[in-house]
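The values are calculated or read from the model by the stated rules, or taken from the named source; none is laboratory data. The model shown is predicted, which means the values in this text are computed figures rather than measured ones. Neighbour counts are summed over all protein chains in view; Cβ atoms, including those assigned to glycine, are modelled from backbone coordinates with ideal geometry. Ligands, DNA and RNA are excluded from the accessible area calculation, which covers all protein heavy atoms including side chains. Shrake-Rupley method; radii C 1.70, N 1.55, O 1.52, S 1.80 Å.
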Number of protein chains: 2
Amino acid sequence: MPSGAQKRQPKYQRIAAALKEAIAAGQYGPGDRLPGESELMGTYGVARMTARQAFAALQAEGLVEARKGAGVFVREFKVGLRRRGIQRLAVEVWGAGGSIWAADGHGRDPQVEFLGVSEKPAPAAVAAALGLPAGAIVRVRRRRFLLDAKPVMVATSYLDAALTAGTAIAEPDSGPGGIYARLADLGRKPVRFREEVRSRMPTPEEADGLGLTSGTPVVLVCRTAFTADGHAVEVNEMTLDASAYVLEYEFDAP
Amino acid sequence: MPSGAQKRQPKYQRIAAALKEAIAAGQYGPGDRLPGESELMGTYGVARMTARQAFAALQAEGLVEARKGAGVFVREFKVGLRRRGIQRLAVEVWGAGGSIWAADGHGRDPQVEFLGVSEKPAPAAVAAALGLPAGAIVRVRRRRFLLDAKPVMVATSYLDAALTAGTAIAEPDSGPGGIYARLADLGRKPVRFREEVRSRMPTPEEADGLGLTSGTPVVLVCRTAFTADGHAVEVNEMTLDASAYVLEYEFDAP
DNA sequence: AAGTGGTCTAGACCACCAC
DNA sequence: TGGTGGTCTAGACCACTTG
C-alpha cells in the first residue's frame, strides 16, 4: 500500500475503493461472492457499521448486490434488451449487432403479462396530452413485460374511453395488430409519434413491481401517438428497468 | 397511532413513509428543511442511526438532499432541459453556423466549457463503431455543458485522427457550425444518426464532475454519425444529469 | 446449525454552516 | 458558537439462506 494515502478520505470509502479495484481487476467476477461484513471487519480492523457503509456505497453505485443470509455479490448485468423507437415500434429485439454495447442474449424468453383494462378519470397531464377536458374518462390498459420470467417493464396505455367503447381495445385481447390496428379501424390510424425519455430512482412500489435491486434506476418513456390530422389518440407511459434496456433511435438529418 | 400498524415493517421505513407522506401532502415543499436527525430521535423515540437510515432511504429515492451542517431538505427539481434528438440536428441549425446547444436552453444561461482535444488509441468499442482497426488513433474532444453555471452534461467525441488532422476539429475552437460543418468541408457530411440511450447510477467521479446529489442517476447517450455512404465518422458519448434532462424523439410511423 | 446480512441501540468526535 | 449532518465504535437480537 502506498504510504501517501490521504487521511482525509473516510475509512468506508477506502474499503469500497479497494473492493471496487478488486472487482475491476477481475479478482471477483459477475455473480461472485465478496468477502462478508465480518471478514472486512477483521481485514481492515473496523466496526461492523463501517464495513456495511462500504457495501452501501457500492450498492448505491449499482455494482454490488446484497442477499440476505447469503452474502454480498458482484452484480451480473443480463442486459441487452434493445428497444428501437423508430424502425419498429415497441418491438423488443436482442442480440442486434453493429452497436456499441454488445448484446448477447440467445435463448431468452420474452413474455407479456396482461394486467387489466379499466376506465378512470384521466390524470391531468394525460387529459391535456390527449386533448380531452380535465377529468375526462380514459381507458387504461396495463401490461407487464417479462424476460426469462423476470419483469423488465410496466406499460400503461391511456385512450379516450368514449372513442374506444365497444371495441377490442376495451377487451383484454385487443386482437391482431394490437390497439394501433383497432385505432386504424376507427379511422384514427396513428402515423406520428413522440417519445419523451427520463430517468430517476424508482419509488419503493416501482422497485417492488420490477424486482429492482437497489442502485438501479428506472427509465420512463412516455409515447404519444398522433393521427394524420395531428390529434393525439394514445398516451403510453412505460417504466423500464434501466439495467435491462438500451433504447435506440435512428434517424436522418432533416 | 392506529393499532392496526404492521409490526413487520422496520422503524426506519415507517419514519421514511411518514416523512414522504408529509412531503406529498405539501407540508414540506421543495427546498424546505425537514425535521433534523435529533428531532426525529425525539419524535419517534429511536436511536440516531435509525433516524439516519430513514433519511438514507429518502435520499436513495432522490426525494431529499442532506447538506452538511445545515439540515435535510426536500429536493427541488429545476428540471426541464429538453434535448430533442432529431430536430436539433437539423442542417439548418449547424449549417447556418448556429450552435446546436442553443436549441436546448430556454431563456436560461447555457455555457459550453471546453475540456480539451487529444489523440489517443481508440477504446475497442469506439474503434469498432468507427470502422477503424483495433488500437487506431482517434481524436478525442471533451466538453462540459453548464446551465446557470451548474454542469448538466459531459460529452466526449471520437473521430478518426488521420481524417481530421490539420482541421479545426483538432483545435479547441472547431469553428462556425462545429465539427459537423468541418466534416462536411471534408466531404464527410453526416446525414444519418443513431442514438443509444442507457441509464445507471453514476460512478463517484461522474457524480463529482456533474455535481450530482445522491439518488440521481445519469443518462448515457451514445450518438453515432454516418455519412451518406453509410460510414460512421463520429461517436459521441454523452453523460447527462438525469434530473436535468428530458430527451425527446419525434418521428413518423415507418 | 452456522453464518449471513438487516435492524437497532447508545454512545463518541469531527467538519461544516448559519447566526 | 451552537446545532447540523458525517463518520465511527461496540455491542445486541433477528430472519434468512445455505450446507
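Structure summary
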{"item": "Packing-based order for B:33-42, A:216-225, using average beta carbon neighbours within 10 Å, highest first", "result": "A:216-225, B:33-42"}
{"item": "Nm distances between copies for A:M49, ranked from closest, using label points 7 Å along Cα→Cβ", "result": "0.5"}
{"item": "Residues with amide H under 5 Å from that of A:R192, placed H, sequence gap 5 or more", "result": "A:F226, B:A253"}
{"item": "Calculated on alpha-carbon atoms, Rg and Dmax of the range B:81-248 in Å", "result": "15.5, 45"}
{"item": "GNM top mover of A:A122, A:A57, A:A18 - chain A, alpha-carbon springs below 10 Å", "result": "A:A18"}
{"item": "Number of partner chain Cβ atoms within 10 Å, mean per residue of B:187-199", "result": "6"}
{"item": "Whole-angstrom Cα spans of the range B:122-187 along principal axes, big to small", "result": "41, 27, 15"}
{"item": "Reach of A:K189 by Cα under 29 Å, taken over lysines that are not fewer than 8 positions away in the same chain", "result": "A:K120"}
{"item": "Value at 222 nm in deg cm²/dmol, rounded to 500, when DSSP H runs of n ≥ 4 in chain A each add -39,500 (n - 2.57)", "result": "-6500 deg cm²/dmol"}
{"item": "By accessible area with a 1.4 Å probe, ligands and nucleic acids excluded, highest first: order of B:R198, A:R67, A:R48", "result": "A:R48, A:R67, B:R198"}
{"item": "Residue list for the range B:131-149, given a label point 7 angstrom along the Cα-to-Cβ vector of B:A162 and an amide N cut-off under 12 Å", "result": "B:132-134, B:136-138"}
{"item": "Pseudo-label separations to other copies for B:G26 - Cα-to-Cβ vector, 7 Å, nm", "result": "5.9"}
{"item": "The range B:168-242: radius of gyration over Cα atoms, expressed as a fraction of 2.2 N^0.38 Å", "result": "1.37"}
{"item": "Three principal axis lengths of the protein assembly as shown [C-alpha, angstrom, descending]", "result": "69, 67, 50"}
{"item": "Per-selection Rg to Rh, the range A:11-74 - Cα, Kirkwood hydrodynamic radius", "result": "0.92"}
{"item": "Table column - 3J(HN,Hα) (Hz), the range B:229-245, Karplus curve with 6.51, -1.76, 1.60, x for Gly and Pro", "result": "8, x, 8, 6, 10, 8, 10, 10, 9, 10, 10, 10, 5, 4, 7, 9, 10"}
{"item": "Nitroxide proxy distance, nm - points 7 Å out along Cα→Cβ at B:A70 and A:T203", "result": "2.8 nm"}
{"item": "Residues of the protein assembly as shown: accessible area per residue with a 1.4 Å probe, Å²", "result": "49 Å²"}
{"item": "Candidate residues A:R192, B:R142, A:R141, B:R8: accessible-area rank, largest first, probe 1.4 Å", "result": "B:R8, B:R142, A:R192, A:R141"}
{"item": "Nitroxide proxy distance, nm - points 7 Å out along Cα→Cβ at B:A18 and A:A17", "result": "3.9 nm"}
{"item": "Lysines whose Cα lies under 18 Å from that of B:K78, excluding same-chain neighbours fewer than 8 positions away", "result": "B:K150"}
{"item": "Under Karplus coefficients 6.51, -1.76 and 1.60, residue-wise ³J(HN,Hα) of the range B:181-189 in Hz, glycine/proline x", "result": "5, 5, 5, 5, 4, 7, x, 10, 5"}
{"item": "Buried on assembly, the range A:228-254 (at least 40 Å² less accessible surface than by itself, 1.4 Å probe)", "result": "A:L247, A:Y249, A:E250, A:F251, A:D252, A:A253, A:P254"}
{"item": "Accessible-area composition of the range B:137-254, carbon plus sulfur, in percent [1.4 Å probe]", "result": "51 percent"}
{"item": "Backbone HN-Hα couplings from phi across the range B:21-30 [Karplus 6.51/-1.76/1.60, Hz, Gly and Pro as x]", "result": "5, 5, 5, 4, 6, x, 5, 10, x, x"}
{"item": "Qualifying GluC sites (Glu not before Pro) for the range B:123-218 [loop in DSSP, other Cβ within 10 Å: at most 12]", "result": "none"}
{"item": "A versus B: buried accessible surface, summed, Å² (probe 1.4 Å, to nearest 100)", "result": "3900 Å²"}
{"item": "Ascending list, in nanometres, of distances separating the A:Q13 label from those of the other copies (7 Å, Cα toward Cβ)", "result": "3.1"}
{"item": "B:E234 long-range amide H proximity, modeled H, under 5 Å", "result": "B:A225"}
